[in-house]
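Laboratory data are not the source of any read-out in this text; all were calculated from the coordinates shown. Values in this document were obtained by computation on a predicted structure and should not be read as measured data. As a convention, Cβ positions derive from the backbone with ideal geometry for all residues, glycine included, and neighbour counts pool all protein chains shown.
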Amino acid sequence: MFVDPLAEKTMTPYQYVNNNPVNLIDPTGMAPEDWIFYFTKGFLTGFKDTGKGSDIHIVNDGKSYNPKSFSSIQNASQRNQIVNYVGKKINNKVNFSYKELNNKGGHYDKKNNEIVVTHSTLNKNNIYDLTNVIEHEDFHFQNGSVKSFKDHVKVYMQQAGTSAFQKSSDANKYSNAVATGQRMLNSYAADEIDGQQFTNMANDYNKLNPSNPININWSSSADKTSITIGQHKKEYYYDKNLKPHE
């Protein structure tokens, strides 16, 4: 009904999704922007990266995915298969699963050699968020057991250093900064690091995530020292209930 916003570049003012409506969608009228997962009779049978954007799009038996037309079991099965597909690209020596856990986020289950991804990771429907969470848990697999807050900071720093992190959503970058800063605080309060090390770690992190820098608000005691993230005013303090592996 309307001229394509990119008509001057594509010279196709009324063409929809490159004449390929079965495999592509165009919610914005701009260039193709989905990572498409193809399912046939409930099983993942193909994948296509259109090279634009970060949205996860599902095609079931040749039709675009409508979440209202499938049961929660079917939705969970599809997400489980997507998690497996993405995860095996990162590490084929680990098992992967999708679980809806309200009281626990993504984690590495050492007993079952399994990386678990929860529904909170997929709330943004962002392929890079999903990839980056899996990378975080894979670093746990590679590094071994977390015995200190400093150990966990290392994993968060590794996560922030990946290309998927740089492409991930603002929400993922912000939550990573909060989690990293919180564990730096706890590491400082637990005497694992001194003030200079705390400063150096924060500076190193800020180079990886410059849009969400960790700012240290010093106090005379470690438990009263706080951090803020970027321009956000919320202050985070030492959390006595947080465990190093959490």
Exercise. In segment 212-246, which trypsin sites (Lys or Arg not before Pro) are in a loop and have at most 11 other Cβ atoms within 10 Å, using DSSP for the loop call?
Worked result: K233, K234, K240
Seminar exercise, completed: Given 113-123, 177-187, the highest-first ranking by average Cβ count within 10 Å works out to 177-187, 113-123
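Mind sorting I82, I90, I134 by how few other Cβ atoms lie within 10 Å of their own Cβ, fewest first?
Sorted ascending by nearby Cβ count, the order is I90, I82, I134.
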Seminar exercise, completed: Most exposed to least, judged by fewest other Cβ atoms within 10 Å, S148, S71 sort to S71, S148
Seminar exercise, completed: Fewest-first ordering of E100, E137, E246 by Cβ atoms within 10 Å yields E100, E246, E137
Problem set entry | Convex hull of Cα atoms in segment 47-188, direction-averaged projection (nm²) | 9.3
Problem set entry | Distance (nanometres) between label positions extended 7 Å along Cα→Cβ at Q74 and L101 | 2.8
Exercise. When all C-alpha to C-alpha distances in segment 138-246 are sorted into bins of 10 Å, what percent of pairs does each bin hold, rounded to whole numbers?
Worked result: 15, 50, 32, 4
